[in-house]
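Asker: Here it is, the structure in full.
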Amino acid sequence: MTATPMIELQSIGKTFNQFVALKPTSLAIEQGEFLTLLGPSGSGKSTLLNLISGAYSSSSGKILLKGKDITSAPPRDREIGMVFQNYALMPHLSAFDNVAYPLRVRGVAKAQIHTRVMDALKRVGLAGFEQRKPKQLSGGQQQRVGIARCIVYSPSIILMDEPLGALDKNMREQMQDEIKTLHREIGTTFIYVTHDQEEALNMSDRICLMNEGGIVQLGTPDDLYFRPVNAFAARFIGESNLLAGSALSATEVRLKNGQVYSVAGHPALVPGQAYELLLRPERVRIVAPGQGGAMARGTVAGVAFIGSLTTLTVNLPDGSALKLKTTSLPSQNRPQPGEAIDLCWAPEDFIVLGAEPPATPRHLAAPDAVGYSSVISRA
Ligand code: ADP
Ligand code: MG
């Protein structure tokens, strides 16, 4: 027996009029876990978060908090904290009073309020900023106040909806590290929403990848990057080359262009069945002239030197293109557009994906859309 999950969603779903914002979805989140909901805009991430916080009432299913049914409990009774993208601070109140607010509405004694607010502000690096109004703080500092206001009353779960979305890249990266550290220090369960795959990979214990109102894949960052379940997951996480073909034998795939490649370490393929081969750009290597062992020959179409990495786009004779990424080459060794180039990789660098299932409709007009349940696999 494993411990009771911190929160368990049982076929929870949400429709707005006839539109399925979230298909019935089941998900268990462990105590102390950092789980990220990742997906494109409109995939249902905020809907799921709002169902957990109680801002939305569910259309179907149940929510259990530490085993207790809270499906119809008002937000105030859930003891779940929320951090918003737009900070949602009260502009006329100081940082101190913004953070004190949730304690005051809970009737906490004045002396205790002072200690707890000062502690929360210190934790987010804002000691000394107590008397500033939101407009006297930078975006990053305002979000720190938002986080302090959330941790100050020690909620069971902290929800964050794209909390770094309004910040510039450097501040976002710094705050990612700070939120990770905060999570480690306070040990509270975090459910974090982002559409930024690198942010999700960097921060999470597990990622729940969503699309079209349902879960596509639930797993560790490694699972999603190295073992994507389908082409959507492969495209959404990291960069990918996807080569379509069909199995020639249990271990070989014939691409549409007629090339046959061996794949290694994958369960036996079904001859004749359609598959896609995923080849990450960093697995593709350049074969030095005269070295032999080329798996593909093409023409350099584009070269991007971005400091630490060089990325190449190579056009293949059949009109397709392969992306490759290497640690940077000095300019005299960097291939130039128009040059012929030989490429190689190992059979085990291919990740074999099944063909994509057809998309499920999101309107209830489809009679079976209600009974749809997201499939969650933890390989
Ligand atoms: P995400 O946060 O992943 O961008 P949302 O959960 O906000 O996506 O939205 C999922 C879908 O549900 C979207 O198509 C959105 O337009 C729709 N939706 C969300 N909230 C509402 C609402 N209050 N009323 C009507 N439609 C909504
Ligand atoms: Mg959203």
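Asker: Residue by residue through the stretch 310-344, note down the ones that are out of contact with any Lys or Arg (no Cβ under 9 Å at 6 or more places or on another chain) and either within 11 Å of VAL300 (Cβ to Cβ) or small (Gly, Ala, Ser) (or both).
Answerer: ASN315, GLY319, ALA321, LEU322, SER331, ARG334, PRO335, GLN336, PRO337, GLY338, GLU339
Asker: Identify all residues within the stretch 159-203 that are among the hydroxyl-bearing types (Ser, Thr, Tyr) and more than 16 Å from ligand 1 (Cβ to nearest atom); write none if there are none.
Answerer: Filtering the stretch 159-203 down to residues among the hydroxyl-bearing types (Ser, Thr, Tyr) leaves 181, 188-189, 192, 194.
Scanning the stretch 159-203 gives THR181, THR188, THR189.
Asker: Let me ask you something else. Scan the stretch 18-39 for residues that are within 7 Å of ligand 1 (Cβ to nearest atom) and open to solvent by 20 Å² or more (accessible area, probe 1.4 Å) and jot them down.
Answerer: If the condition is that a residue be within 7 Å of ligand 1 (Cβ to nearest atom) and open to solvent by 20 Å² or more (accessible area, probe 1.4 Å), then PHE19 is the only one that fits.
Asker: Counting residues that are within 16 Å of ligand 2 (Cβ to nearest atom) and either at pLDDT 95 or above or over 15 Å from GLU212 (Cβ atoms) (or both), which strands (runs of 3 or more DSSP E) fully inside the stretch 12-89 reach at least 1?
Answerer: On the way: elements: 19-29, 34-38, 60-65, 80-83.
The qualifying strands (runs of 3 or more DSSP E) are 19-29, 34-38, 80-83.
Asker: Shifting gears a bit: Quick one: in the stretch 294-324, which of the residues that are modelled with pLDDT of 95 or more and open to solvent by 40 Å² or more (accessible area, probe 1.4 Å) is nearest to LEU279 (Cα to Cα)?
Answerer: Once the filter is applied, the top-ranked residue is LYS323.
Asker: Would it be correct to say that ILE52 is surrounded by 17 or more Cβ atoms within 10 Å (Cβ to Cβ) and more than 15 Å from ligand 1 (Cβ to nearest atom)?
Answerer: On the way: surrounded by 17 or more Cβ atoms within 10 Å (Cβ to Cβ): yes; more than 15 Å from ligand 1 (Cβ to nearest atom): no.
No, not satisfied.
Asker: Report every pair of residues separated by at least 6 positions or lying on different chains whose Cβ atoms are under 8 Å apart, first residue within the stretch 35-57 and more than 18 Å from PRO74 (Cβ to Cβ), second open to solvent by 10 Å² or more (accessible area, probe 1.4 Å) and among the hydroxyl-bearing types (Ser, Thr, Tyr).
Answerer: LEU35/SER204; THR36/SER204; THR47/TYR56
Asker: How many residues does the stretch 165-195 hold that are in contact (Cβ under 8 Å) with a residue 60 or more places away in the chain and not β-branched (Val, Ile, Thr)?
Answerer: Number of matching residues: 9.
Asker: Within the stretch 77-124, how many residues turn out to be within 19 Å of LEU182 (Cβ to Cβ), open to solvent by 60 Å² or more (accessible area, probe 1.4 Å) and aromatic (Phe, Trp, Tyr)?
Answerer: 1
Asker: Which of the following residues is open to solvent by 10 Å² or more (accessible area, probe 1.4 Å) and more than 28 Å from GLU8 (Cβ to Cβ): GLN141, GLN176? Explain how you work it out, then say what you get.
Answerer: Values: GLN176 fails: more than 28 Å from GLU8 (Cβ to Cβ).
It is GLN141.
Asker: So, one more: Evaluate the following for GLN131: is it over 21 Å from the mean Cα position of the chain (by Cα), buried (at least 20 other Cβ atoms within 10 Å of the Cβ), closer than 18 Å to MET90 by Cα and assigned by TED's automatic domain parsing to the domain that holds LEU51?
Answerer: It is false that GLN131 is over 21 Å from the mean Cα position of the chain (by Cα), buried (at least 20 other Cβ atoms within 10 Å of the Cβ), closer than 18 Å to MET90 by Cα and assigned by TED's automatic domain parsing to the domain that holds LEU51.
Asker: Exactly one condition in (1) in contact with a Pro (Cβ under 6 Å, 6 or more places away or on another chain); (2) at pLDDT 95 or above is false for ALA264; which is it?
Answerer: (2)
The values are calculated or read from the model by the stated rules, or taken from the named source; none is laboratory data. Please read these numbers as outputs of a predicted model, since none were measured by experiment. Using ideal geometry, Cβ is built from the backbone for each residue, glycine included, and neighbour counts are taken over all protein chains shown. Keep in mind that these areas ignore ligands, DNA and RNA; they rest on the heavy atoms of the full protein, side chains included. Shrake-Rupley method; radii C 1.70, N 1.55, O 1.52, S 1.80 Å.
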